[in-house]
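Below is one structure, written out as structure tokens, with a few remarks after it.
The values are calculated or read from the model by the stated rules, or taken from the named source; none is laboratory data. No experiment lies behind these values; they were computed from the predicted model shown. FYI the Cβ positions are ideal-geometry reconstructions off the backbone, even for glycines, and counts take in every protein chain you see.
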Amino acid sequence: MSTSINIARSIAEKVHLEPNKKYPKGQKDKKGFPYMSHINDIANRVAHHGKQYEIVGLLHDAIEDAHSNKARAEVEKLIKNNFEQEVIDAVYAMTKTFGEDYFEDYLPRLKENEIALKVKIADSSHNLSKAHLIEDKDEKDKLRQKYIKVLNYLGVDGADYDEALKKFLNWGDDYELLFTSNSNNDDLFKRVSSELGLRLTKIGKVHKGEGVNVLKAKKLISFDKTGHKHMFANNKML
């Protein structure tokens, strides 16, 4: 990892993780999870565009969320002293200033900066993906509509994104979401699980070969393949 990315991460952690008068236990999101998890997610989403995008992803809320005017000035100084002008301009483009209307002033200004545009799309997409976690229906709907509108303005079909997300989360009846990961990532997933309050359960291992083996009380058991097969035509799966 480059030195500049490490510096950006340290600035972000200073703003979002360290306790202060405004955030005695560090900054949290609407569900009470560490806000730094959101910051890391945005940086990861845009990292494939290049180092500058990842840095801006890490710093996109650093100025705006500084807990005091003094802290804000310190953050701005750190950014100006450590990064090139392209990054500085993008971070300021991401920062909503006092008195700006979100849709009339802030977003049009932001949209003029290519890095800020990509980061804001990632930011709004992530916020939309978390809206379903809000328990209050009115607030949930309000947030969903806001981020759909933001994505539409930024050139992304927000409603289509929201619909795809709902299908991803809900189709499959009572099935859970499954994934595989290299065992070297076990500690990483334990940390992420703890930060997000998300329960992850290891149910098996993937080995070279074919088929699925099920163990019960350390004994191999057999079972029939009775799962439903979808979308067949002329005895062939579509």
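Filtering the range 15-29 to residues that are free of Cβ contacts under 8 Å to residues at least 40 places away in the same chain and of a type in the set (D, E, K, R) leaves Glu18, Lys25, Lys28.
Which residue out of Phe223, Phe179 is outside any helix (DSSP H, G or I), modelled with pLDDT of 75 or more, aromatic (Phe, Trp, Tyr) and out of contact with any helix residue (DSSP H, G or I) (no Cβ under 8 Å at 6 or more places or on another chain)? Only one candidate qualifies: Phe179. All of (1) over 18 Å from Lys118 (Cα atoms); (2) within 15 Å of the chain's Cα centre (by Cα); (3) exposed (fewer than 14 other Cβ atoms within 10 Å of the Cβ) hold for Pro34 with one exception: (3).
Which is over 15 Å from the mean Cα position of the chain (by Cα) and either part of a helix (DSSP H, G or I) or not hydroxyl-bearing (Ser, Thr, Tyr) (or both), of Ala43, Ala66? Only one candidate qualifies: Ala66.
Restricting attention to the range 110-125, the residues that are surrounded by fewer than 17 Cβ atoms within 10 Å (Cβ to Cβ) and not acidic (Asp, Glu) total 1. The conditions are (1) in a helix (DSSP H, G or I); (2) at pLDDT below 95; (3) within 22 Å of Lys149 (Cβ to Cβ), and Lys30 fails exactly one of them. Which is it? For Lys30, the exception is condition (1). For the residues Ser10, Ser37, the requirement of being assigned to a helix (DSSP H, G or I), of a type in the set (Gly, Ala, Ser) and under 16 Å from Lys130 (Cβ atoms) singles out Ser37.
Figure legend. Inter-residue proximity from the range 125-141: first residues closer than 16 Å to Ile42 by Cα, second residues in a helix (DSSP H, G or I) and of a type in the set (Val, Ile, Thr), beta-carbon distance below 8 Å, spacing 6+ or different chains. Indicated pairs: His126/Ile42; Leu128/Ile148.
Mind checking whether some residue in the range 74-96 is assigned to a loop (DSSP other than H, G, I, E, B), among the hydrophobic types (A, V, I, L, M, F, W, C) and modelled with pLDDT of 95 or more? Yes. Scanning the range 3-21 for residues that are within 24 Å of Asn82 (Cβ to Cβ) and among the basic types (Lys, Arg), we see that the one that is surrounded by the most Cβ atoms within 10 Å (Cβ to Cβ) is Arg9.
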